[in-house]
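Heads up: the structure comes next, in structure tokens.
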Amino acid sequence: MTRQMHLCAFLMATGHHVASWRHPDVPLENGTNFGYWADLAQTCERAKLDALFLYDGAAISNVDIESMSRTDRATFFDPMTLLPALAVVTDRIGLVSTSSTSYDQPYYVARRYLSLDHLSGGRVAWNMVTGVNPREAVNFRAAPMLHADRYARAKEFGQVVLKLWDSWDEDAFVMDKDSGRFFETSGVQALDHVGEHFTCAGPMCVPRSPQGRPVMVQAGGSDAGKDLAAETAEMVYAVQADFEAGRDFYADLKSRMPKYGRDPDTLKIMPGIYTIVGRSEQEAEDKYGELRDLVDERMAMAFLGATLGGADLSAYDPDGPVPTGLTTNAGTTHLKTMVRIAQTRNLSLRELAQDVAAGGYGHWAVRGTASQIADQMQERFEGRAADGFNIMPATLPGGLDDFCTLVVPELRRRGLFRTEYSGRTLRDHLGLAYPERSVAHPPKLVS
Ligand SMILES: Cc1cc2nc3c(=O)[nH]c(=O)nc-3n(C[C@H](O)[C@H](O)[C@H](O)COP(=O)(O)O)c2cc1C
């Protein structure tokens, strides 16, 4: 069968444009109105997307409060309260959300995702992030962890979660009323994990997932992030400034997988694509211009600083070049991508800030008609820069409607996207096999 792309929708309350809430077509109070989220999820499912994704962080963004007050982003639900509610109003679509490996515990994360995987019929994925926001640290402990330490903890965190998900055999629960035996003791295994960061005896108190295990997602693009993804991830959200960078990232990440005994096809790389779709090229340009005019300059600079890993840009000339040599202990991927964008397009700091605010934070930004956008997606998909895309509409709900009703049919016409779901679980949608029990988990009776 011809290779088809996977599509995930990255949902934020009013859209991915930093001033989307001000757009006349965007209804207010979207963040806390469940009916609104339910409509978005159902739009995604009607379009037969693979999954929807909800972001998370345990702090408001690392942006000054005056700038923050010009956005709708200071408040957002815990995605693991919203996602279960969305599971009830959908039937097929995959449900992905973030939980941090830096500020949570493997047992809790494993249990939450596995529980929801049962309740949703095997549609869940966990985006394991080390966290980009330095403000998270102050809500838990005094000093932020170093980037390398966060990844060392994440690696062990993921291993413990995987082993917990493998606690039970799928046929452990015999539920034999005659003999009085509910489950076979040989079907459950403890962990007795004692590591550098975690001690966890196990087993998990939830049966094996209907899809074997929830799907593992990773979204860090540093070397450590790519190694972690190569070892454990089945879907990766990537940031791609341009086609060449995307192709390099794709080849690099997939080439790391054999070292961990993994087939590169068992990982789906899904770069973000920030979209403004028009019925004509002019309509898309007009929408872009309307949104750009809504951006407050101070807010744009503050968001650029946060995207560059917390840099204070006030000492630099806004009309001068983007400073090189910035370093960060926060996420490194956005920093590298933004500097690359500024250099290749010769943008001043001010222009880059405008571009970031109006263009998706270094994610690949496209605008135009459905066929123009489909052309570009096809090029990256067939050119092995992507296995699919994480759709980031500029505004919601309109931008998602436009993508689903204009671009998705165009992709279908080209045979690049499914017309129907062929299975029920997220693994089915992604073409991932039911996973074997982890080999690094020797059978052991619980005493
Ligand atoms: C599409 C996408 C979604 C992400 N979602 C989150 C998130 O919900 N919470 C978070 O703290 N970081 C999120 N990240 C950031 C990364 O997962 C990662 O923590 C960050 O990039 C730092 O790691 P790095 O230096 O390896 O890139 C996301 C990144 C991408 C590309």
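The criterion of at least 2 residues that are more than 20 Å from Thr43 (Cβ to Cβ) and among the basic types (Lys, Arg) is met by the following helices (runs of 4 or more DSSP H) wholly inside the range 326-417: 332-345. In the range 25-58, the residue that is farthest from the chain's Cα centre (by Cα) out of those that are within 16 Å of the ligand (Cβ to nearest atom) and farther than 24 Å from Arg92 by Cβ is Gly31. Applying the criterion of being of a type outside the set (Lys, Arg) and within 16 Å of the ligand (Cβ to nearest atom) to the residues of the range 266-297, the residue that is farthest from Asp355 (Cα to Cα) is Leu267. So, of the residues in the range 120-152 that are of a type in the set (Val, Ile, Thr) and assigned to a strand (DSSP E or B), which turns out to be nearest to the ligand (Cβ to nearest atom)? Among those that are of a type in the set (Val, Ile, Thr) and assigned to a strand (DSSP E or B), it is Val129. In the range 207-229, of all residues being part of a helix (DSSP H, G or I) and more than 17 Å from Gly261 (Cβ to Cβ), the one that is nearest to the ligand (Cβ to nearest atom) corresponds to Gly225. Inclusion of Val63 among residues that are at pLDDT below 90 and buried (at least 19 other Cβ atoms within 10 Å of the Cβ) is warranted. Once the range 158-174 is narrowed to residues that are crowded, with 20+ Cβ neighbours inside 10 Å and among the small types (Gly, Ala, Ser), the residue that is nearest to the ligand (Cβ to nearest atom) is Gly158. Looking across the range 103-119, the residues that are away from the ligand (no atom under 16 Å from the Cβ) and of a type outside the set (Gly, Ala, Ser) come down to Gln105, Pro106, Tyr107, Tyr108, Arg111, Leu114, Leu116, Asp117, His118, Leu119. Got at least one residue in the range 293-305 being among the basic types (Lys, Arg) and either surrounded by fewer than 16 Cβ atoms within 10 Å (Cβ to Cβ) or in a loop (DSSP other than H, G, I, E, B) (or both)? Yes, the conditions are met somewhere in the range 293-305.
When Lys177, Lys155 are checked against the criterion of being within 13 Å of the ligand (Cβ to nearest atom), modelled with pLDDT of 95 or more and charged (D, E, K, R), Lys155 stands alone in meeting it. Pairs meeting the criteria (first residue in the range 244-270 and without any contact (Cβ under 8 Å) to a residue 24 or more places away in the chain and within 18 Å of Gly220 (Cα to Cα), second residue of a type outside the set (Asp, Glu) and loosely packed, with under 13 Cβ neighbours inside 10 Å, beta carbons under 9 Å, at least 6 apart or on different chains) are Pro264/Ser255; Pro264/Pro258.
If you go through the range 302-331 and pick out every residue that is aliphatic (A, V, I, L, M) and in contact with a Ser or Thr (Cβ under 8 Å, 6 or more places away or on another chain), you end up with 5.
Residues of the range 325-371 that are surrounded by 20 or more Cβ atoms within 10 Å (Cβ to Cβ) and at positive phi: Gly360, Tyr361, Gly362, Gly368. Of all residues in the range 209-234, those that are among the hydroxyl-bearing types (Ser, Thr, Tyr) have Cβ atoms under 6 Å from Cβ atoms of residues that are within 8 Å of the ligand (Cβ to nearest atom), 6 or more apart or on another chain, in Ser222/Thr332. Return yes or no: is Tyr108 touching a Ser or Thr at 6+ places or on another chain (Cβ under 9 Å), under 27 Å from Phe417 (Cβ atoms) and of a type in the set (Ser, Thr, Tyr)? Considered against the rule, which asks whether it is touching a Ser or Thr at 6+ places or on another chain (Cβ under 9 Å), under 27 Å from Phe417 (Cβ atoms) and of a type in the set (Ser, Thr, Tyr), Tyr108 comes out as no.
The values are calculated or read from the model by the stated rules, or taken from the named source; none is laboratory data. Computed from a predicted structure; not experimentally measured. Every residue, glycine among them, receives a Cβ derived from its backbone with ideal geometry; neighbour counts consider all protein chains shown.
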